[in-house]
Amino acid sequence: MSSAPQVPGVEIRGEWREGYEQVLTEDSLGLLARLQREFGPRRAELLQRRADRDAELAAGALPDFLPETEDVREGDWTVAPPAPGLVDRRVEITGPTDRKMVINALNCGAKVFMADFEDSNTPTFDNLVTGQLNLRDAWLRQIDFTSPQGKSYALNDTVATLVVRNRGWHLPERHVLVDGEPVSGSLFDFCTYMTTSAQIALDKGFGPYFYLPKMESHLEARLWNDVFVAGQEALGIPRGTIRATCLIETIVAAFEMEEILYELREHSSGLNAGRWDYIFSMIKKFRTRGAEFQLPDRSEVKMTVPFMRAYTELLVKTCHARGAHAIGGMAAFIPNRKDAEVNEAALKAVRADKSREADDGFDGSWVAHPDLVPVALEVFDAKLGDEPHQLDRRRDDVQVTGAQLLAAKETPGSITEAGVRNNVSVGIQYLESWLRGGGAVAIFNLMEDAATAEISRSQIWQWVHNGVSTAEGQPITPEFVRRVEDEELDKIRAAVGDEVFTAGRYDEARELFEQVALADDFVEFLTLPAYERLA
């Protein structure tokens with residue numbers, strides 16, 4: 001049995017298993033210790049800055065474009081040219097890092113696979129470490145998988161470009177301590193991947209590519225850039241080798257898109273419209289502000305509503321002005337082969353969504369399921385032809401104001417009992433899966449992850465705490481929500497069967513849902529109290 005390497009000041013509290021020594025090496029833990037000591041204090045300061053800013057918003061302030069960075073917005077600069085494997089990104093697929101998913105995603109015909117350690121991953125220590133092993137094996141082309149039914153999976157000759165989404169700055173990694181304190185989950189994911197797979201990727205003509213989630217300011221992007229520089233220097237990798245796509249998935253980051261690109265310009269490969277977290281952010285940041293920021297049922301908040309339209313138009317304009325790729329949002333539909341009518345309607349909606357993005361100038365878009373890759377490819381192939389992107393479409397016709405980005409009250413739709421029920425059911429089902437180690441789960445023909453679950457629980461919190469009633473006249477009170485929980489759990493039990501229900505963690509999931517949806521104080525991210533139950 002192998003044992004963890006001994007690195008001064010580093011303590012591993014997660015259960016050590018055979019094979020971990022292949023990725024949790026003296027080099028990876030040494031780099032982690034170095035970067036945690038160097039950048040941990042800045043990370044803590046930036047997280048406190050988030051909290052201070054949230055308090056200002058709760059008190060009535062509104063975000064705006066920063067006067068102190070006007071010179072950046074007015075300046076003449078561009079990001080680095082597209083890196084190998086990231087020139088044509090017309091369709092990207094996302095998903096967790098289990099072995100079967102990695103193989104299927106790399107094989108599915110998408111241009112890019114975003115291997116996700118964040119919203120679609122439950123951060124058990126084993127998920128994190130074996131996920132890194134799977135990515136290394138994929139680069140080495142020594143990854144395979146055989147299902148319990150005997151079906152074998154292996155890589156095709158041509159596969160997607162691999163990009164890694166590490167966890168956001170707010171998430172800790174409590175299984176590893178440096179100098180007695182839990183390390184940053186972001187730094188753990190970054191250091192492990194860099195020491196395990198970066199050189200292999202370079203040897204194959206690519207590089208270590210990342211997606212950066214949940215950022216709220218250009219100062220957080222600056223921290224990432226400094227981490228990249230330090231990591232490359234420590235490993236003897238040329239500066240600029242790392243490339244990162246930033247998800248713009250918070251309302252406050254929407255006001256700093258240009259500055260975020262600027263801070264990362266030598267490492268930037270563009271911005272992504274992270275639609276689900278963006279909706280969650282709009283609810284979260286203004287949750288106490290009443291009708292001005294009150295959104296209807298989750299299903300009504302589409303990409304064509306005014307505040308979402310302003311956000312995506314500004315993103316394309318910003319990216320193309322700086323030579324950066326603009327990547328569109330997620331199509332979360334899961335094809336239903338048993339219901340042709342549902343399938344046809346959903347695929348029609350996906351095609352319309354991707355057509356809108358292509359027409360707007362996006363250079364590519366996300367899908368959650370391999371069956372959606374041909375749909376998205378067909379749309380972007382028709383728009384792009386032989387061109388790899390639309391960077392030459394500058395979108396100078398777009399003029400977006402701060403008021404348009406904040407126009408939540410212009411969102412049409414109603415708050416209905418069906419919307420409450422859907423939020424409760426999705427929230428509990430997702431948390432139950434998450435607690436068992438599954439961070440991405442198909443519910444009601446949609447792929448739900450932490451971001452979509454955040455919308456569900458934050459809407460319940462907002463509606464309850466702002467005294468909202470449904471369109472049918474039912475006040476949305478804690479008592480009503482708990483009654484809905486009872487009824488929806490009965491439906492779940494009937495659907496999955498008594499044996500599966502009893503063996504699951506539904507009672508714990510309900511308890512956790514109430515903690516993040518009904519408590520007096522709003523929990524910043526549902527994954528934080530959920531993680532306590534893992535760690």
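Descriptive notes on the structure:
- Both radii come from the Cα set of region 10-403: Rg as radius of gyration, Rh as Kirkwood radius; their ratio Rg/Rh reads 0.95.
- Neighbour count of at most 11 Cβ within 10 Å plus DSSP loop: longest GluC sites (Glu not before Pro)-free window in the chain: 19-471
- Both numbers refer to the Cα atoms of region 401-495; Rg and Dmax are 14.7, 49 Å.
- Along the axis of the charge dipole computed for region 136-217 (Cβ charges of +1 for Lys and Arg, -1 for Asp and Glu, origin at the Cα centre), the listed residues LEU140, PRO208, LEU177 are led at the positive end by LEU140.
- Taking other C-beta atoms within 10 Å as the exposure proxy, LEU391, LEU32 rank LEU391, LEU32 from fewest upward.
- Of all DSSP-defined beta bridges confined to the chain, some 35% are antiparallel rather than parallel.
- Taking the number of Cβ atoms within 10 Å of each Cβ as an exposure proxy, the fewest-first ranking of VAL23, VAL91, VAL159 is VAL159, VAL23, VAL91.
- Evaluating 6.51 cos²θ - 1.76 cosθ + 1.60 at θ = phi - 60° for every residue in region 403-417, the Karplus couplings come out as 4, 5, 5, 9, 7, 4, 5, 7, 6, x, x, 10, 9, 10, 5 Hz, glycine and proline recorded as x.
- For the peptides 186-196, 129-139, residues were scored by their other Cβ atoms within 10 Å and the scores averaged per peptide; the highest-first order is 186-196, 129-139.
- Pairs with C-alpha atoms separated by more than 20 Å, drawn from the list LYS284/LYS409; LYS100/LYS491; LYS302/LYS354; LYS338/LYS383; LYS214/LYS285; LYS151/LYS348, are LYS100/LYS491; LYS338/LYS383; LYS151/LYS348.
- Positive-end extreme of charge dipole, region 415-534 - chosen from TRP461, MET447, ALA509 (charges on Cβ): MET447
- Loop-located chymotrypsin sites (Phe, Trp or Tyr not before Pro) in region 13-100, at most 13 other Cβ atoms within 10 Å (DSSP): TRP77
- Sparse-neighbourhood loop sites, trypsin sites (Lys or Arg not before Pro) in region 199-269 - DSSP loop, at most 15 other Cβ within 10 angstrom: LYS204, ARG239
None of the figures in this text is laboratory data; all of them are computed from the coordinates on show. Since the structure is predicted, the reported quantities are computational estimates derived from the model, not experimental observations. Note that each Cβ is placed from the backbone with ideal geometry, even for glycine, and that neighbours are counted across all protein chains shown.
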